[in-house]
Amino acid sequence: MKVITQREFRNNSAAVMDAVEAGETYYVTRNGVEVAEVRPTPRRRRLTGEELVQRHRRLPTVEAAQMRREADEFFGTEDRVDSDDKGELPDD
């Protein structure tokens with residue numbers, strides 16, 4: 001942890017950000033009073049393809065017919081576009 005003034009932060013921001021990216025934490029002061037903490041954010045590790053596949057396999061299965069019934073119950077069927085509509089717009 002390093003303590004720097006607002007002026008030092010302003011004048012050396014690129015170097016400070018490089019150090020923060022490398023894991024350093026800075027406390028910035030104004031008139032001798034700490035006003036900010038500049039620290040690296042936690043980095044999330046990217047998942048591999050195999051990890052994504054494993055997560056996908058643990059998801060619950062979805063029954064299309066049940067999902068359609070629930071959607072119709074919630075949204076209604078009046079303005080629904082079905083796959084057999086062939087993209088035609090309703091008459092006004």
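What follows draws every value from the coordinates through simple rules; no lab data is involved. Keep in mind that this is a model prediction, so the values were computed, not measured. All Cβ positions, even for glycine, are placed from backbone atoms using ideal geometry, and neighbour counts span all protein chains on display.
Would you mention how many residues in the range 8-30 are in contact with a strand residue (DSSP E or B) (Cβ under 9 Å, 6 or more places away or on another chain) and of a type outside the set (Asp, Glu)?
Adding up the residues that qualify gives 12.
Scan the range 1-31 for residues that are among the aliphatic types (A, V, I, L, M) and without any contact (Cβ under 8 Å) to a residue 24 or more places away in the chain and jot them down.
If we filter the range 1-31 for residues that are among the aliphatic types (A, V, I, L, M), which is where we start, we get 1, 3-4, 14-17, 19-20, 22, 28.
Listed by number, the residues that qualify are Ala14, Ala15, Val16, Met17, Ala19, Val20, Ala22.
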